[in-house]
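**Q** Quick one: the structure is below, and I'll ask about it shortly.
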Amino acid sequence: MATDYGQGYGQGYGQGYGHDSGLGFPEGVRRHRLPTGLRAPFEARSWRELAYVLLGLPIGVLLFVYAIVMVSLGVGLLVTFLGIPVLAAGLAGCRGLGALERARARGLLSLEVADPEPLRMKKQGALAWMGAVLKSGTSWRSALYSMLYLPWSVFSFTVAVALFALGWTLMTYPLWFWLFHLFAGQDGIQLYGDEGHHVYLDNPFEITVTALVGVLFTMATPWIVRALTMVDRLLVHGLLGPTRLSARVVELESDRGVVVDTAAADLRRIERDLHDGAQARLVALAMDLGLAKEKLSEDPQAAARMVDDAHGEVKTALQELRDLARGIHPAVLTDRGLDAALSAVASRCTVPVQVEVDLPSRPAPAIEGIAYFTVSELLQNISKHAQATWAAVDVWRVENRLMLQVVDNGVGGADTSAGSGLAGLAERLDAVDGILVVDSPAGGPTRITAELPWRAV
């Protein structure tokens, strides 16, 4: 079951590493002279977040009115046959508005939220659709979001507008304070006043201090708005996104597809190996024995040579069948466990391999088989592509996880994102909740760590 990782080891050299410009910054990374706190009021992200908060109030009013009217109307009409269709239509509308809210969060907040689970209808028709809408948790969570968003949007809109207006008003005060004397008949902003005494911000010192206070409010506003949008992120992610259970179901369905595809590919490989290898040799062997039988009476010596050649073909065919059976599931793994099986694999590697297995007991056969084939494929690719002079395999258990690590001193450059066979191996491990981590800088060494769930026998 070897997978070709030639692209993973031979290509990908230098990929993912930026060239140094000589100043300590990777090439392509923008360098800012101003610190983050000073440039925040002028960044596009801050303006997008402010736009999100400002749009939140009218959108919140629309969501609240729609949800309250449709849900109340549907519940009120439940005593008649119109209640269920109206309520289902209202909840479906809330789902649609929720999709628009996810799009708004994606565009303005750069928040990627996956679509929730779709409606699951066992039958077709209007009744089945209404039943699916009413039974869907996504529909009710969308309606709850529509009702809860209005009070929060009022609060966040008020805070954001007040801080934004106050900051920019005070910061630009030196530019327009003279308007008070021209149109209001006073010297500036009135800080204090009673019947006999008035305090105005009108001298240069007070105007400068007012502008500095405005600068502080202006610099603080983006961070306060960002904190407000964190609540929006939680609302969108928690109420408009998929639940953990549904996300897990989708993941398991995807993993099942990977397992099915992998099994189908393995069956095709076994069929190809049998057809091109042992089967072809056995057919040729049958023909040679037939010819030897015909020559037995005419030329016994030629027949003996043909039988001797056929004997060699039998040995070769048996060796190919053994290799094929070992690739399906080696007997040593079933009989003696991972330690003996990995030692046998290491003995066939072209470089010296040190194997260390430290397990308190044997894992489940399925996990044991995946661990064996993972190490086997990695060692085969070390032989083919790593150009290493030594390798090491370590297997141990950490709590409820089985850990595998394969290290070599080869040329490095292995990369799961380069379209290599390592990506396929990572998908296989992911199908059983496993993880593959590759640390392979150009020039080596390469350290590949696999993590599998521990399941006892």
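**Q** Starting from 0.36 nm per residue, how many nanometres of slack lie between Glu356 and Arg401 once their C-alpha separation is accounted for?
**A** 14.5 nm
**Q** Kirkwood-based Rg over Rh for the stretch 61-117 (C-alpha set), two decimals?
**A** We get a ratio of 1.13 for the stretch 61-117.
**Q** Also: Sort Phe81, Phe205, Phe373 by heavy-atom solvent-accessible area, probe 1.4 angstrom, most to least.
**A** In descending accessible area the options line up as Phe81, Phe205, Phe373.
**Q** Another question, if that's okay. To the nearest 20 debye, what charge dipole does the stretch 383-457 have about its Cα centre, counting +1 at the Cβ of each Lys and Arg and -1 at the Cβ of each Asp and Glu?
**A** Using Cβ point charges on Lys, Arg, Asp and Glu, the stretch 383-457 gives about 180 debye.
**Q** Just to verify a number: what accessible area does Lys384 come out at with the full protein assembly present, 1.4 Å probe, Å² rounded to tens?
**A** Lys384 has an accessible surface of roughly 120 Å² with all protein chains in place.
**Q** Given the Cα-Cα distance of Val159 and Ser297 and 0.36 nm per residue of separation, how much length would full extension add, in nm?
**A** Length gained between Val159 and Ser297: 39.0 nm.
**Q** For His237, what accessible area in Å² do you get when you roll a 1.4 Å probe over the heavy atoms of the protein chains, rounding to the nearest 10?
**A** Only protein atoms counted, so the area is about 110 Å².
The values are calculated or read from the model by the stated rules, or taken from the named source; none is laboratory data. Just so you know, these numbers come straight off a predicted model, no measurement behind them. Virtual Cβ from ideal backbone geometry, glycine too; neighbours counted across all protein chains shown. For accessibility, only protein heavy atoms count, side chains too; no ligands or nucleic acids. Shrake-Rupley method; radii C 1.70, N 1.55, O 1.52, S 1.80 Å.
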